Amino acid sequence: MFQDEFEALTHPYLAHAWARRGADLRVEAPGQARKVAMIGALDVAAGTLVVETSRTKRSSDFIALLARLDELYGPRPGRRTRPVVIVLDNGPIHTSKASRAALQARPWLSVEWLPKYAPELNDIEHVRRDLKRHFLAHQTFRDPDHLDEAIQTAVKTSTRSAKRKRVWTSESLLRQWRSAYGCAASLAVADDPIVPGGRLTNG
């Protein structure tokens, strides 16, 4: 499972679009842009996307996402609990004292820490791009609530599409790591699963 945070604005995001030769695409954008943060987790095995929206992007928002993952994947009477691996970057929203405590309180959830400055290794980045390009582009939203509704609709539609495609495989991330860090690279995790200590080693 890959996790990250990103934002959308009430003012339009401009993406590639068809237009007559010499004509500029114009979208009205009155007033001041306001943002909505998306705190998301991509379940690559099931092809599902879980997103919590917020007006902020803080540790408390990340912990709210973990609570949502509790409902979907955590221990429940009569439900078989399977270990889940979540891939995180080293941003402060993940490494704060509160976030580390929340992660440690969930023994069913293991953490893999990405190397620093390596967003290309996070598969949810592709989802972020697609959400903005295909569902939120070239639109002006009245207010954050209107944008929030559009995000939720986009997430549902994107999830249905991802389930149909299932283009991700368990080997794709390893291939990216090997390409970026050498053909013999493998991921090694520090003894403490909560403190960011993931490092790349050869062998």
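The values are calculated or read from the model by the stated rules, or taken from the named source; none is laboratory data. As the structure is a computational prediction, the values presented were derived from the model and not from experiment. Cβ placement follows ideal geometry from the backbone for every residue including glycine, while neighbour counts extend to all protein chains displayed.
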For this session: Would you mind stating whether residue 48 is among the hydroxyl-bearing types (Ser, Thr, Tyr), at pLDDT below 95, closer than 24 Å to residue 149 by Cβ and surrounded by fewer than 20 Cβ atoms within 10 Å (Cβ to Cβ)?
Result: yes
Exercise. Is it true that residue 29 is touching a helix residue (DSSP H, G or I) at 6+ places or on another chain (Cβ under 8 Å) and in contact (Cβ under 8 Å) with a residue 40 or more places away in the chain?
Worked result: no
For this session: Would you kindly identify the helices (runs of 4 or more DSSP H) lying entirely within segment 92-203 that contain at least 2 residues that are at pLDDT below 90 and not polar (S, T, N, Q)?
Result: 124-130, 144-165, 172-181
For this session: Would you check if there is a residue in segment 14-29 being over 28 Å from residue 121 (Cβ atoms) and among the acidic types (Asp, Glu)?
Result: yes
Exercise. Counting only residues that are outside any loop (DSSP other than H, G, I, E, B) and surrounded by 10 or more Cβ atoms within 10 Å (Cβ to Cβ), how many does segment 67-91 have?
Worked result: 12
Exercise. Does residue 54 meet the test of being over 19 Å from residue 125 (Cα atoms) and buried (at least 17 other Cβ atoms within 10 Å of the Cβ)?
Worked result: no
Exercise. Can we say residue 6 is aromatic (Phe, Trp, Tyr) and at pLDDT 95 or above?
Worked result: no
